[in-house]
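Derivation of every value follows stated rules applied to the coordinates shown; laboratory data play no part. Quantities reported herein were computed from a predicted structural model and do not represent experimental measurements. So basically every Cβ, Gly included, is an ideal-geometry build from the backbone, and we count neighbours across all protein chains shown.
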Amino acid sequence: MAIKNGNDKSLESWIWAAACSIRGAKDAPKFKDYILPLIFTKRLCDVFDDEVNRIAAQLGSRKKAFQLAKADHKLVRFYLPLVPDDPEQPVWSVIRKLSDKIGEGVTTHMRAIARENPLLQGIIDRVDFNATTHGQRDLDDDRLSNLIEAISTKRLGLADVEADIIGKSYEYLIRKFAEGGGQSAGEFYTPPEVGTIMSRVLAPEPGMTVYDPCCGSGGLLVKCEIAMEESAKGKKRTVAPLKLFGQEFTPETWAMANMNMIIHDMEGQIEIGDTFKNPKFRDRGGKLRTFDRVVANPMWNQNWFTEADYDADELGRFPAGAGFPGKSSADWGWVQHMHASLNDQGRAAVVLDTGAASRGSGNAGSNKEKTVRQWFVDHDLIESVLYLPENLFYNTTAPGIVLFLNKTKPKTRQGKVFLVNASQVFEKGDPKNFIPDAGIQRLADTLIGWNEEEKLSRIVDHAELKKNDYNISPSRYIHTSDAETYRPIAEIVEELKVIEAEARETDRALKEILEKIGV
């Protein structure tokens, strides 16, 4: 018996309605660690059903197909040890028909699937659907049953939903969770239009390696694969997929990234751990592995890395003359890590706080962050800087920038940086602004071609950057209206925060010295 496919409702609206079935839209983001694995498992079940049907067409019955798949797991991509009492029933019915101790049953089935598929271990079996807090179920059986029933209304098999469509819907669900995720949202989600611009400008080619050192839910890696496939359409050659690599610190987000990759029908290697202190991708000699392309949206202005963390590095990531960018912000520390992770022909794109482009410039005395920025300019590694519109990101209203690096800039671009002020290229949205498709294409084309346009983009040589004390913020050089002659307030506020933090750090160090000498 086939499950009703629910074609009267779009996949995106269905997937969100399923999420809201627990406690409504307001509380749905709290339960993403339950919802995402269940929808992911529904996709696995329906695809496995399709594979069983394919085998059954040759053997004459689904019962024989189940037996053969159990004997030889290589016949299917993921083997699911869920066999309905009636082999004609869908595999998902094993979960759907749970009526007693549902949380316990779902957890048991998830762990059984993971045991049979090493690639899924730690991904779908990490959640306990029967978990309690102070004797109270975190997700009671009634609400879990509602969620399972809501998910059951649409089939997600190979003939029902293409991988890219369900992948987009899955990302839509992640975005909806980000909308209600407060300050934590930006840790796992980058607005898709930003990722699309980054991937189109980087233009990864078939077979290239792409790395994200703080990959969140894996969206930027997925965007790179999509950009490569779109650019290769119509070409008379076999397109080799990108080799995708990522590292993520938070276990739940690491699992989300793996599910996102698989549900997009892409394969990648996602490691777990603190990239800054222990990057997992090394070559055989223990040195940092390098890649063709690097993309990232690290948490902005991380302040928990000290100078000792930089000094302890044995991978050559923080070269002399650049080094420690200051404790108040690790933005340029991440840029240094990404630069060290590029091969000789490598290119990178990283999302940063707007203040990273200007902090310290124009101030009397030295500034550690400006020193690192100057090092990148003087070594001609910065290809372009994109100033984004405000209120795109889910954990801040600040605009942000995208910094593009290129280790082998063409001769015609050497000694210059291309700046784009896209602060006006957006449409109002609820709850966030967004860059429309035409704006995405316009900005990508502008960045790729270095096309100068009044009030949008300029080519600036290093001499002018030096004259402006290595301020590389597009808003400093490109005014979007005749009346705009001042720097954005957000930049100034962020710069003041850094100055205050540095002053506190200096006072603390001076106090320690005075105490040591007995003053």
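At-a-glance table
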| quantity | calculated |
| --- | --- |
| Partners for Lys101 among lysines (Cα-Cα distance below 29 Å; same-chain residues under 8 apart left out) | Lys4, Lys26, Lys30, Lys32, Lys42, Lys63, Lys70, Lys154 |
| Residues whose placed amide H lies under 5 Å from that of Leu342, excluding near-sequence neighbours | Phe291 |
| Rounded tilt (10° steps) of 11-20 against the dominant C-alpha axis of the chain | 90 |
| Per-residue ³J(HN,Hα) for region 77-83, Karplus 6.51 cos²θ - 1.76 cosθ + 1.60, θ = phi - 60°, Hz, x for Gly and Pro | 5, 10, 8, 10, x, 10, 10 |
| Only Lys, Arg (+1) and Asp, Glu (-1) charged, at Cβ; the chain dipole about Cα centre in debye | 1020 |
| Ascending count of other beta-carbon atoms within 10 Å, so fewest first, for Cys20, Cys45 | Cys20, Cys45 |
| Distance in nm between pseudo-label sites at His379 and Ala112 (7 Å out along the Cβ direction from Cα) | 5.5 |
| Residues with amide H under 5 Å from that of Ile270, placed H, sequence gap 5 or more | Gly246 |
| Hz values of 3J(HN,Hα) by residue in region 401-415 - Karplus curve (6.51, -1.76, 1.60), Gly and Pro given as x | 10, 10, 9, 10, 10, 8, 7, 9, 5, x, 4, 5, 10, 5, x |
| Within-11-Å neighbourhood charge of Lys409 [Cβ basis; K, R +1; D, E -1] | +3 |
| Mean separation of Cα contacts under 8 Å (6+ apart) over length of region 11-161, as relative contact order % | 30 |
| Full-extension gain in nm, Glu464 to His479, via 0.36 nm per residue minus C-alpha separation | 3.8 nm |
| Helix 437-449 axis, angle to the chain major axis (alpha carbon atoms, nearest 10°) | 50 |
| Degrees separating the helix 102-116 axis from the principal Cα axis of the chain, which is the longest one | 80 |
| Estimated distance in nm for a label pair at Glu307 and Ser13, the labels positioned 7 Å out from Cα along Cα-to-Cβ | 6.0 |
| Phi-based couplings in Hz for region 148-165 (Karplus 6.51, -1.76, 1.60; Gly and Pro marked x) | 4, 5, 5, 5, 5, 6, 9, 8, 10, x, 4, 7, 8, 9, 6, 4, 6, 6 |
| Violating pairs (Cα-Cα greater than 20 angstrom) within the set Lys74/Lys168; Lys233/Lys407; Lys223/Lys280; Lys74/Lys233; Lys74/Lys223; Lys176/Lys432 | Lys74/Lys168; Lys233/Lys407; Lys223/Lys280; Lys74/Lys233; Lys74/Lys223 |
| Fewest-first sequence of Leu456, Leu403, Leu510 by Cβ atoms within 10 Å of each Cβ | Leu510, Leu456, Leu403 |
| Loop sites in region 420-458: GluC sites (Glu not before Pro), DSSP, at most 11 other Cβ within 10 Å | Glu454 |
| Percentage relative contact order, region 311-376, counting C-alpha pairs under 8 Å, at least six apart | 40 |
| Trypsin sites (Lys or Arg not before Pro) within region 1-104: DSSP coil, no more than 16 neighbouring Cβ in 10 Å | Lys4, Lys9, Arg23, Lys26, Arg77, Lys97, Lys101 |
| Taking the chain and dividing mean pair separation by its residue count, relative contact order in percent (alpha carbons under 8 Å, at least six apart) | 11 |
| Label assignment, volume of the Cα convex hull per residue in Å³ derived from the structure, set (1) 189; (2) 172; (3) 153 | (1) |
| Order of Cys224, Cys214 under a 10 Å beta carbon neighbour criterion, fewest first | Cys214, Cys224 |
